[in-house]
Protein chains: 2
Amino acid sequence: MIGKLVKEKVKSGKKAINELYNTGYYGRPKGDVLELTLVEAAYLLYKNKLEITLDEKNLGFEEFFTEASKRQQFFELKYIVYKDLRERGYYVQPSVTDFRVYPRGGHPGKTQAKMFVYVRSERVPMLLKDLLTQYNAALNVRKQMILAIVDEESDITYYEVKRLDIKGEMEQTLPLEQPASVTMLEDRVLVWDGETSRLLYENGFYGKPLDNERLQLSLVESAYLLDNGIIEIKNSNGENIPEISKFSEIAASIDPDFTRKYSAYVDLRSRGFVPKTGFKFGTHFRVYSEVHTTDKLPHSNYLIHAIPHDHEFLLPVMSRAIRLANSVRKQMLYAVEFAEKIEYIDIGRIKM
Amino acid sequence: MIGKLVKEKVKSGKKAINELYNTGYYGRPKGDVLELTLVEAAYLLYKNKLEITLDEKNLGFEEFFTEASKRQQFFELKYIVYKDLRERGYYVQPSVTDFRVYPRGGHPGKTQAKMFVYVRSERVPMLLKDLLTQYNAALNVRKQMILAIVDEESDITYYEVKRLDIKGEMEQTLPLEQPASVTMLEDRVLVWDGETSRLLYENGFYGKPLDNERLQLSLVESAYLLDNGIIEIKNSNGENIPEISKFSEIAASIDPDFTRKYSAYVDLRSRGFVPKTGFKFGTHFRVYSEVHTTDKLPHSNYLIHAIPHDHEFLLPVMSRAIRLANSVRKQMLYAVEFAEKIEYIDIGRIKM
């Protein structure tokens, strides 16, 4: 069977519709013509199921592959992923993302496609905006969104991307009758009173004991407790920091991520979680669904990193974050604020 | 016992030398005076072993702690670490880094200190240059260099920092009689010939098979094989890329880290390692000491990231990298080039 290379397509005749489309769902029949993408054609050439000509001349695999890579950006990446999916037994068609993949046992004409696959090189940073565009395209037609990242050595890692509506089970009990007086020192806040320290630590798992009397609060915890009227904060000169806006300003000068982290913190608390720092995992928070006693902490299920709208994922960094989360049996979520609402984006490795 | 707060010291008398220094090695005796640092004094105040006065007025813990944090930068951080070390049973003295720590069972006057401890906040990026200054200070007096990082919630993670002279066991056999012709496509290089592909892959674990005939080489692998006369690289228009310098220029335009990665790659190969991409771990390389057959890869012991001289460690990122390496039983090393020599810096978590 012969296909002709025409711009970014390879076109073949009626026989190809019978032998390639009807048996393997390669290409798209348009009348009597079967139209193949460059990756499909390269794969069929590799499988010796198709010969390809350009200007009446036969192209070998090397010639066609080189030619195709000049005609289509990221051709090699897409070929690597297409071949991998085909060899895993999936039927694959082109789509608005890169590929539309049919469920095992399904195929065009019989079933709906199940996944949209979006191919990226590890080397090219990925804008959150672009990821969400692809995600929404998949969501609109109720497909799973799969991100396929090809590394320098052409290994592929597959991730499923989805929004998650998470809920914790911690009931808020804010136990103080009147605000406790605490001091902001350099970059943390100290609670001096033993009884207050105990109450905050035991009810809601705020802070960390400095010793058996005093408690240290992180900046987000302090802001949250201040905003809820649980504490009053003074600085080391004994002057009051009366408002959350003033405190936030100071906190943001210490921690450039403060504002974003604080929005996520407030949202997580309102969803019934207990957020604590995720420093050891390189993320903003680890969160607990519930903490009944600080003597025996439960497993925390999520690691959460608050990112801005214009976030650019460096893919090796993302890969590491997700892998580390998985290695400690946690899910890695990215928190993004849209129109004053926080959304949680779950990017999780999957086996295809 | 009473100590007087004078600038950044607390001074006490002869009795304190007997009761605090001779029994617990707090402070430094200077004639009849015992001179305590602010953290030592705060700890003794907390332990009710000392009262502290300023202008004849007694200071409570809250007052002294607040005052000390105004007089010394990062006082709280240092206090947190000092207290932790003391409570773990170590004798601690001030040093050119932050603390000098005596081995278990040892103390000033009896034994040499064993470690230098350098305290950092997770929030403040750490220059490689500063880390090495501290490391060299410790090395010069043959101490272990310990980095104590205090996170937002005042949790401490301890790391040992050292230089490592690593050696692999892979013998180089470069098997081709004449250079093989390969093609550079967009951002990777393809070997078309089946026999060459097999030889490169099986002898030295270069590249990754695209299929049973063709091999894909990464940019660093291609540069290395080109420089050793094993391959000849042409671009997709069939033009030769004759020299390593030209190829490196193209590669650096694709991957900004290329030059640094390539120096480390060459050094690792010359030390008998097989370096492969560490993308899945978020680092430049994972390295194998030896690869005899690609059918069954051995465990790789190191993850290696090539960093520049002026590298600034973001500590949450560093924490994540080391933690991930440990979770897959690998050591995280940073490769830095000094005077055309690559050095490997091992930053590993330790239990104190």
| task | Filter region B:282-295 for residues that are more than 18 Å from residue A:153 (Cα to Cα) and surrounded by 17 or more Cβ atoms within 10 Å (Cβ to Cβ) and give the result. | result | B:289
| said: Can you tell me which residue is farthest from the other protein chains (Cβ to nearest Cβ) among those in region B:50-64 that are touching a Gly at 6+ places or on another chain (Cβ under 8 Å) and surrounded by fewer than 21 Cβ atoms within 10 Å (Cβ to Cβ)? | reply: B:53
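Regarding residue B:266, is this residue among the β-branched types (Val, Ile, Thr), part of a strand (DSSP E or B) and more than 14 Å from chain A (Cβ to nearest Cβ)?
It is false that residue B:266 is among the β-branched types (Val, Ile, Thr), part of a strand (DSSP E or B) and more than 14 Å from chain A (Cβ to nearest Cβ).
Working carefully through the options A:181, A:222, A:197, find the one that is surrounded by 15 or more Cβ atoms within 10 Å (Cβ to Cβ), in a strand (DSSP E or B) and within 13 Å of another protein chain (Cβ to nearest Cβ).
Being surrounded by 15 or more Cβ atoms within 10 Å (Cβ to Cβ), in a strand (DSSP E or B) and within 13 Å of another protein chain (Cβ to nearest Cβ) holds for just one of A:181, A:222, A:197, which is A:181.
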| message | Tell me whether region B:237-254 contains one or more residues that are within 28 Å of residue A:84 (Cβ to Cβ), in a loop (DSSP other than H, G, I, E, B) and either out of contact with any strand residue (DSSP E or B) (no Cβ under 9 Å at 6 or more places or on another chain) or facing another protein chain (nearest Cβ under 9 Å) (or both). | response | no
| field | Residue pairs meeting the criteria (Cβ under 7 Å; at least 6 apart or on separate chains; first touching a residue at least 24 places away in the same chain (Cβ under 8 Å), in region B:7-25; second in a helix (DSSP H, G or I) and of a type in the set (Lys, Arg)) | value | B:8/B:71
| Filtered residues of region A:88-140 (kept if part of a helix (DSSP H, G or I) and within 27 Å of residue B:220 (Cβ to Cβ)) | none
| note | Flagged in region A:270-299 as of a type in the set (D, E, K, R) and either at pLDDT 95 or above or in contact with a Lys or Arg (Cβ under 6 Å, 6 or more places away or on another chain) (or both), in numbering order, are A:271, A:276, A:286
| Consider residue A:298 against the criteria (1) crowded, with 16+ Cβ neighbours inside 10 Å; (2) without any contact (Cβ under 8 Å) to a residue 40 or more places away in the chain: it satisfies all of them except one. Which criterion is unmet? | (1)
| query | Restricting region B:323-346 to residues that are surrounded by 22 or more Cβ atoms within 10 Å (Cβ to Cβ) and within 14 Å of chain A (Cβ to nearest Cβ), which is modelled with the highest pLDDT? | reply | B:332
| request: Could you tell me whether region B:325-342 includes any residue that is part of a loop (DSSP other than H, G, I, E, B), touching a residue at least 24 places away in the same chain (Cβ under 8 Å) and touching an Asp or Glu at 6+ places or on another chain (Cβ under 6 Å)? | output: no
| said: Quick check on residue B:73: is it free of Cβ contacts under 8 Å to residues at least 12 places away in the same chain and at negative phi? | reply: yes
| task | Count, please, the residues in region A:301-322 that happen to be more than 19 Å from residue A:122 (Cα to Cα), at pLDDT 95 or above and either in contact with a Leu (Cβ under 9 Å, 6 or more places away or on another chain) or exposed (fewer than 15 other Cβ atoms within 10 Å of the Cβ) (or both). | result | 6
| Quick one: which of A:244, A:230 is touching a residue at least 40 places away in the same chain (Cβ under 8 Å) and either surrounded by 20 or more Cβ atoms within 10 Å (Cβ to Cβ) or not hydroxyl-bearing (Ser, Thr, Tyr) (or both)? | A:230
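The values are calculated or read from the model by the stated rules, or taken from the named source; none is laboratory data. Given the structure is predicted, the values throughout are model-derived calculations rather than measurements. All Cβ positions, even for glycine, are placed from backbone atoms using ideal geometry, and neighbour counts span all protein chains on display.
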